[in-house]
1. Of the residues Ala95, Ala81, only one is part of a helix (DSSP H, G or I), within 30 Å of Gln114 (Cβ to Cβ) and at pLDDT 95 or above; which?
2. Among all residue pairs at least 6 apart or on different chains, which show Cβ distances below 9 Å where the first residue, located in the stretch 105-133, is surrounded by 10 or more Cβ atoms within 10 Å (Cβ to Cβ) and the second is modelled with pLDDT of 85 or more and in a loop (DSSP other than H, G, I, E, B)?
3. Considering only residues that are in a helix (DSSP H, G or I) and either surrounded by 10 or more Cβ atoms within 10 Å (Cβ to Cβ) or of a type in the set (Lys, Arg) (or both), which ones fall in the stretch 48-63?
4. Determine whether Asp115 is among the acidic types (Asp, Glu) and modelled with pLDDT of 90 or more.
5. Given the residues Ser66, Ser16, which is the only one that is loosely packed, with under 10 Cβ neighbours inside 10 Å and either at pLDDT below 95 or assigned to a helix (DSSP H, G or I) (or both)?
6. So in the stretch 69-102, with the set limited to residues that are hydrophobic (A, V, I, L, M, F, W, C) and in contact with a helix residue (DSSP H, G or I) (Cβ under 9 Å, 6 or more places away or on another chain), which one is surrounded by the most Cβ atoms within 10 Å (Cβ to Cβ)?
Amino acid sequence: MITAASLSKLAFNPQSGHFATAAKTSKEQKAQKSGEERGDARMAKWLSVLQTSPVQPANFSEDEISQRASQAQEYSRRKMAAHRIHQKDLVDKLALKRAALEALPPELRAEASQDIWVQFPMNRQRPYTSPPTQGFPEA
């Protein structure tokens, strides 16, 4: 039963259109606080997983440092040599392509020198290592 005394305790907020709720009891406050602490503990656990450990500097002797430097230089030399071989191969192929275009008759050269931007058909057959089986449904 609502009495005038109980209505006077309720405060109406005209901005929100709601009555104010009662203050939380100490049990509710403790439960909310322990929930926040559990959430903080979970968050701390995930943050500890994401944090990296500090990197300790390696202690190498002068011989090891010079040996690793020479290994790095040798690796760099070999990689550059492989790169130069690859670049020379590309240049040779382009030169052969230009020579082949020059060898064509003039009426075919104009058509052959145009770029083709047509996409491959989507139903293009794939190459297989064995011939198709007779009577097997094609997918």
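The values are calculated or read from the model by the stated rules, or taken from the named source; none is laboratory data. This one's a predicted model, so the numbers in the text were calculated from it and none came from an experiment. All Cβ positions, glycine included, derive from the backbone under ideal geometry; neighbour counts span all protein chains shown.
1. Only one candidate qualifies: Ala95.
2. Ala112/Leu104; Ser113/Leu104
3. Selection gives nothing.
4. Taking the combined requirement at face value, the residue does not satisfy it.
5. Ser16
6. Filtering first and then ranking leaves Leu101.
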